[in-house]
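Here's the structure, in structure tokens; my notes come after.
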């Protein structure tokens, strides 16, 4: 079991912002060399700047995780620069807001390529370089939406349920054949990231979402956004700070938790589907005040 991250080499996708950025920062703070990857050059550079204060080796790669050839080439680049790979965080993710019958096939393929194929291809590419490491871990990001479902997120649910199934089966396989390689599935609740800002959603789709929200209990809609920009801002500012989410993930890795739930909202929503598999949505108005009350939006004090 992994006791600490000192002298480990960690690869993080989606490291240009959100949980990926703070996974890199906290790992570097703990003495790990970090390999940060993202499709956005500007935000990736910002992450690299944040890492300069730590006395560790840092490398960065512009990477579209949906590009299978680029993923397959990454392990050799990492090993050439750092000599080994101990930790892989398949964290990159996107979404699009649309009902399945209205969704462009291009948008479906975009989400599937990043959220699912990116995870599978990265795992396949890195496993041969990790199975002989004395301590190693693959950490795949699913979502609480890999446990429960809502309208308008069919492709996101498809990917996150699939990541969960893939990761849990892989964990069982590794525990039998390569127990030194830990495998973890992460289920975040509402984390204050840019995923809503980068979602592919036009004004018509946004308006349909608003119409659907009118049918929900008022506790869900009293602060409903009036524009795409407002939606993105609310999502980023209203969730748990991603540094806290990253800390929970790393603590879960140290404790070798197969499922890592992030936030009280994730734990309560998971509990709702366990207790009421067919009618869990009906319980959510009861949980919502607790979810809102105990969401910590402040960054970790250790990062001040």
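The values are calculated or read from the model by the stated rules, or taken from the named source; none is laboratory data. Bear in mind that the values here come from a model prediction, so they are computed numbers and not experimental data. Cβ coordinates were reconstructed from backbone atoms using ideal geometry, including for glycine residues, and neighbour counts include every protein chain displayed.
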Out of (1) modelled with pLDDT under 75; (2) loosely packed, with under 12 Cβ neighbours inside 10 Å; (3) outside any helix (DSSP H, G or I), the odd one out for residue 229 is which?
-> (3)
Is it the case that residue 94 is crowded, with 22+ Cβ neighbours inside 10 Å and touching a residue at least 60 places away in the same chain (Cβ under 8 Å)?
-> yes
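Here's the yes/no breakdown for (1) in a strand (DSSP E or B); (2) out of contact with any helix residue (DSSP H, G or I) (no Cβ under 9 Å at 6 or more places or on another chain); (3) in contact (Cβ under 8 Å) with a residue 40 or more places away in the chain:
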{"residue": "107", "(1), (2), (3)": "no, no, yes"}
{"residue": "118", "(1), (2), (3)": "no, no, yes"}
{"residue": "131", "(1), (2), (3)": "no, no, yes"}
{"residue": "165", "(1), (2), (3)": "no, no, no"}
{"residue": "169", "(1), (2), (3)": "no, yes, no"}
{"residue": "172", "(1), (2), (3)": "no, yes, no"}
Within region 111-145, track down each residue that is surrounded by fewer than 24 Cβ atoms within 10 Å (Cβ to Cβ) and within 21 Å of residue 284 (Cα to Cα).
-> 144, 145
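A quick yes/no check of all residues on (1) assigned to a strand (DSSP E or B); (2) surrounded by fewer than 19 Cβ atoms within 10 Å (Cβ to Cβ); (3) on the phi > 0 side of the Ramachandran plot; (4) in contact (Cβ under 8 Å) with a residue 40 or more places away in the chain:
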residue: 19; (1), (2), (3), (4): no, no, no, yes
residue: 25; (1), (2), (3), (4): no, no, no, yes
residue: 28; (1), (2), (3), (4): no, no, no, no
residue: 43; (1), (2), (3), (4): no, yes, no, no
residue: 46; (1), (2), (3), (4): no, yes, no, no
residue: 72; (1), (2), (3), (4): no, yes, no, yes
residue: 79; (1), (2), (3), (4): no, yes, no, yes
Region 36-55, residues that are over 20 Å from the mean Cα position of the chain (by Cα) and within 24 Å of residue 127 (Cα to Cα) | none
